[in-house]
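The values are calculated or read from the model by the stated rules, or taken from the named source; none is laboratory data. Computed from a prediction, not measured in an experiment: that's the story for all the values here. Because the Cβ atoms are built from the backbone with ideal geometry, glycine has one as well, and the counts that use them run over all protein chains shown.
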Amino acid sequence: MAQIRIENLRKSFDQFTAVEGSTFTIDDGTFFAMLGPSGCGKTTTLRMIAGLELPTEGKILLDGEDVTFHRAAARDIAFVFQLFALYPHMNVGENIGFPLKCQGMGRREIRERVQETARMLRIEHLLSSKTSKLSGGDRQRVALGRAMVRRPKAFLMDEPLGALDAEFRHLMCGELRDLHDRIKATTVYVTHDQLEAMSMADQIAVMNKGRVEQIGTPQEVYDRPASMFVADFIGSPPMNFLRFEGGLRSGDRAVSFHDTRLAVPEIREDRASAPLALGVRPEHIRFADAGAVRGEVFGAEYLGTTQIVTVDTAYGRVAARLSSSASVQIGETIGLEFNAERLALFDIGSGRAIRTASAEGARHG
Amino acid sequence: MTAVATKSTAHSIVEASPRTKAFAGGFVILYAVITILPLLWIVATAFKSQSDAIAYPPKVIFEPTLEGYVNLFTVRTRQTPEFIAKLPPPETWYDKLVRKRDMVIAGPSKVVPRFVNSLIIGFGSTFLAVFLGTLAAYAFSRFRIPLADDLLFFILSTRMMPPVAVAIPIYLMYRQLNLTDTRLGMILLYTAVNVSLAVWLLKGFIDEIPREYEEAALVDGYTRLQALRKVVLPQAVTGIAATAIFCLIFSWNEYAFAVLLTSGEAQTMPPFIPFIIGEGGQDWPAVAAATTLFVVPIVMFTVLLRKHLLRGITFGAVRK
């Protein structure tokens with residue numbers, strides 16, 4: 001098992017820069033998710049770690065050893081592909097045993113290791129089946145088996161659940177996390193699905209346009225987003241942004257929001273007047289007649305235990321998560337009250353989070 | 001109204017109507033007759049005697065003889081009946097056959113070396129074209145090659161005119177290089193013509209094989225070449241087989257260059273067959289026999305590779 005360190009990694013194709021100078025460390029045994037929209041450079045980063053692409057600049061260290069320009073095969077890492085990439089001309093057992101065959105291991109030992117791996121994944125009964133006969137989930141298990149059988153230093157997974165249907169994806173999420181807890185292998189998991197990342201990962205790196213915007217635990221990334229992008233990308237519905245203009249003083253516990261004062265977590269930096277955004281998660285909004293921000297109910301989306309109520313305000317449309325027992329009339333004018341402890345402030349120009357008592361410690365990429 | 005409705009439900013979209021079936025069947029039979037009849041005529045002519053072969057009206061029913069084949073494989077001289085009577089009795093059935101026509105066998109004809117030339121040149125150039133084509137197609141499909149589109153266009157442009165259009169310059173070039181009438185020269189020439197077809201066909205097939213297969217193999221411990229050989233090629237077999245058949249058909253049948261560039265040593269079957277001369281002109285049964293034999297390898301090759309032409313080898317392993 002290994003620690004993976006990325007230093008100033010950059011990759012450009014002709015004029016297009018896919019990854020720009022990211023630096024981070026993935027600790028031994030961590031389940032590390034790289035999350036971001038398509039084209040954000042997460043897969044390219046993963047492929048560089050695997051050795052399937054060579055970086056334009058920067059270094060990749062595996063357990064302190066510089067492997068930046070090593071051949072993929074020389075890195076001792078395993079890769080699980082979104083499309084599984086099971087060899088169609090081999091059966092399940094041969095597929096799982098293939099990496100060992102590449103290494104020139106004896107036939108007996110291969111058989112034992114394949115058996116052991118299959119037992120772990122509960123696919124022993126499938127060993128002699130054709131890969132084309134398998135269900136999506138079983139194919140994914142075989143692909144995992146092929147990665148595990150070699151006991152590599154790290155697992156790299158490129159949207160491994162992306163090709164499964166929703167029900168199976170949920171099941172496999174649980175299985176993957178369970179597997180990780182048992183074998184404790186360093187895992188780098190690329191996904192664009194925040195639910196997968198949030199439910200499985202120890203650490204999440206949120207990427208955008210080739211840059212790592214924030215690295216943190218799922219809680220950190222959700223509660224203390226380092227940028228508007230992260231705040232917007234994570235959470236469903238995403239964080240609401242209410243624009244205003246104003247200056248900030250360190251130590252203040254309120255901001256002038258248009259014509260009222262709104263309580264916010266203690267501000268930890270001074271700023272001249274600039275366009276800002278007040279960030280509020282839908283679940284931190286209450287309906288109160290005395291609320292400073294007023295608006296008209298536009299619609300409600302019933303989700304079982306909760307409902308998402310959208311309200312048109314003078315500062316834009318705001319989504320609030322309320323208990324589904326609350327009765328709301330469309331067209332009704334209501335007041336909104338925010339949970340002051342959980343508010344976030346962003347600088348619209350740079351998109352960066354303003355340091356406050358609650359956002360302190362959110363690491364930037 | 002109701003009658004129309006019943007009629008339309010009775011008409012199945014899956015099952016063709018009897019009339020359509022009959023028409024389709026008739027069409028297929030007609031097509032088969034048109035394409036197979038000349039071939040059958042050739043096969044039959046090879047078993048006719050010289051006079052039956054040129055009889056008018058053509059004879060459909062005739063007494064079969066192996067004379068055509070014997071004439072194809074031998075060189076014969078005419079002798080007087082007295083001379084033949086003095087000879088010891090014929091040792092083989094073909095000696096006997098030849099003596100009936102007042103002739104004796106003087107030696108083997110050139111058909112075997114010509115056939116061997118065709119085999120070597122045809123299969124040699126096919127192998128080379130497919131081999132080079134596979135490597136080039138793989139590179140074009142997988143690597144970022146500067147000016148890849150232009151290069152592919154250049155490769156295709158060699159097919160934009162009939163190859164014979166450049167026959168004279170090639171002839172002059174070959175004379176300088178001492179490649180005229182050599183097997184190597186013919187192999188190189190046919191390879192050059194076929195390789196562009198091979199690159200384009202194979203690129204299409206390789207493009208369809210997901211990269212993930214090789215990448216998985218690369219991560220699992222193979223080198224690029226091993227991955228190509230053990231992972232990509234088994235899946236490209238369909239495309240390679242199809243490409244090989246096309247290349248072989250071209251180099252096997254090629255006539256114009258063969259006439260121009262070969263005369264002795266390296267002559268292939270196509271320029272040889274029309275000049276099989278018997279007594280008093282063209283020996284039609286022998287020509288037909290040669291043609292029959294000439295068709296056999298290509299039919300065998302196609303039949304052997306037929307099962308690889310069926311798609312579906314890669315089907316289901318990857319979700320598209």
Of all residues making up the stretch A:192-214, the number that are surrounded by fewer than 24 Cβ atoms within 10 Å (Cβ to Cβ) and either at positive phi or in a strand (DSSP E or B) (or both): 5
Residue within the stretch A:136-154 that is free of Cβ contacts under 8 Å to residues at least 40 places away in the same chain, of a type in the set (Asp, Glu) and more than 10 Å from chain B (Cβ to nearest Cβ) present: yes
Extreme residue, nearest to the other protein chains (Cβ to nearest Cβ), among residues of the stretch A:87-122 that are under 16 Å from B:Gly221 (Cβ atoms), within 30 Å of the chain's Cα centre (by Cα) and not β-branched (Val, Ile, Thr): A:Pro99
First in the stretch B:277-288 and closer than 17 Å to B:Arg78 by Cα, second anywhere and of a type in the set (Val, Ile, Thr), Cβ under 7 Å, 6 or more apart: B:Asp283/B:Ile276; B:Asp283/B:Ile277
In the stretch A:183-215, the residues that are closer than 18 Å to A:Thr25 by Cα and of a type in the set (Lys, Arg): A:Lys184, A:Arg211
Residues of the stretch A:45-59 that turn out to be surrounded by fewer than 23 Cβ atoms within 10 Å (Cβ to Cβ), more than 13 Å from chain B (Cβ to nearest Cβ) and within 29 Å of A:Leu195 (Cα to Cα), as a count: 0
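Hey, among the residues in the stretch B:246-266 that are of a type outside the set (Phe, Trp, Tyr) and surrounded by fewer than 19 Cβ atoms within 10 Å (Cβ to Cβ), which one's farthest from B:Tyr171 (Cα to Cα)?
B:Ile249
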Number of the exception - B:Phe131 against (1) surrounded by fewer than 17 Cβ atoms within 10 Å (Cβ to Cβ); (2) in contact (Cβ under 8 Å) with a residue 60 or more places away in the chain: (2)
Filter pass, B:Val259 being within 14 Å of chain A (Cβ to nearest Cβ) and either among the aliphatic types (A, V, I, L, M) or touching a strand residue (DSSP E or B) at 6+ places or on another chain (Cβ under 9 Å) (or both): no
All positions within the stretch B:156-201 that are surrounded by 17 or more Cβ atoms within 10 Å (Cβ to Cβ) and either more than 25 Å from B:Gln267 (Cβ to Cβ) or more than 22 Å from the chain's Cα centre (by Cα) (or both): B:Ile170, B:Tyr174, B:Leu179, B:Thr180, B:Ser196, B:Ala198, B:Val199, B:Trp200, B:Leu201
A:Phe84 being under 27 Å from the mean Cα position of the chain (by Cα), closer than 29 Å to B:Ala236 by Cβ and at pLDDT below 95: yes
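Looking at the stretch A:246-278 only, could you name the residues that are of a type in the set (A, V, I, L, M, F, W, C) and either under 14 Å from A:Leu343 (Cα atoms) or outside any strand (DSSP E or B) (or both)?
Once the filter is applied, which keeps residues that are of a type in the set (A, V, I, L, M, F, W, C) and either under 14 Å from A:Leu343 (Cα atoms) or outside any strand (DSSP E or B) (or both), the stretch A:246-278 yields A:Ala254, A:Val255, A:Phe257, A:Leu262, A:Ala263, A:Val264, A:Ile267, A:Leu276, A:Ala277, A:Leu278.
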Residue list for the stretch B:267-281, filter: over 12 Å from B:Lys110 (Cβ atoms) and surrounded by 15 or more Cβ atoms within 10 Å (Cβ to Cβ): B:Pro270, B:Gly278
Leading residue by the ranking (surrounded by the most Cβ atoms within 10 Å (Cβ to Cβ)) among those in the stretch A:63-74 that are more than 7 Å from chain B (Cβ to nearest Cβ) and more than 25 Å from the chain's Cα centre (by Cα): A:Val67
Every residue from the stretch A:215-245 that is free of Cβ contacts under 8 Å to residues at least 60 places away in the same chain, small (Gly, Ala, Ser) and crowded, with 16+ Cβ neighbours inside 10 Å: A:Gly235
Failed item in (1) free of Cβ contacts under 8 Å to residues at least 12 places away in the same chain; (2) within 13 Å of the chain's Cα centre (by Cα), with A:Ile204 passing the rest: (1)
A:Ala231 being modelled with pLDDT of 90 or more and small (Gly, Ala, Ser): yes
Residue check, A:His125 facing another protein chain (nearest Cβ under 10 Å), free of Cβ contacts under 8 Å to residues at least 24 places away in the same chain and not charged (D, E, K, R): no
Condition check for B:Pro38: closer than 27 Å to B:Arg99 by Cα and either loosely packed, with under 10 Cβ neighbours inside 10 Å or not charged (D, E, K, R) (or both): no
Helices (runs of 4 or more DSSP H) completely within the stretch B:189-287 that count 3 or more residues being more than 30 Å from B:Val70 (Cα to Cα): B:212-220, B:224-227, B:233-253
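Return the residue satisfying two criteria in turn: it lies in the stretch B:206-237 and is of a type in the set (Asp, Glu) and under 32 Å from the mean Cα position of the chain (by Cα), and of such residues it is farthest from the other protein chains (Cβ to nearest Cβ). Quick ask: steps written out before the conclusion?
Within the stretch B:206-237, the subset of a type in the set (Asp, Glu) is B:207-208, B:212, B:214-215, B:220.
Checking which are under 32 Å from the mean Cα position of the chain (by Cα) leaves us with B:207-208.
Numbers: B:Asp207: 15, B:Glu208: 12 Å.
Among those that are of a type in the set (Asp, Glu) and under 32 Å from the mean Cα position of the chain (by Cα), it is B:Asp207.
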Entirely in the stretch A:281-365, the strands (runs of 3 or more DSSP E) that have 1 or more residues that are free of Cβ contacts under 8 Å to residues at least 60 places away in the same chain and among the polar types (S, T, N, Q): A:306-313, A:316-323, A:333-338
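Residue by residue, here is whether (1) out of contact with any Asp or Glu (no Cβ under 8 Å at 6 or more places or on another chain); (2) of a type in the set (Asp, Glu) holds:
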residue	(1), (2)
A:Pro88	yes, no
A:Ser135	yes, no
A:Arg146	no, no
A:Pro152	no, no
A:Met157	yes, no
A:Asp165	yes, yes
A:Leu179	yes, no
Test for A:Arg169: is it more than 10 Å from chain B (Cβ to nearest Cβ), touching a Lys or Arg at 6+ places or on another chain (Cβ under 9 Å), closer than 25 Å to A:Thr30 by Cβ and among the basic types (Lys, Arg): no
Members of the stretch B:279-309 that are more than 14 Å from chain A (Cβ to nearest Cβ) and at pLDDT below 75: B:Glu279, B:Gly280, B:Lys307, B:Leu309
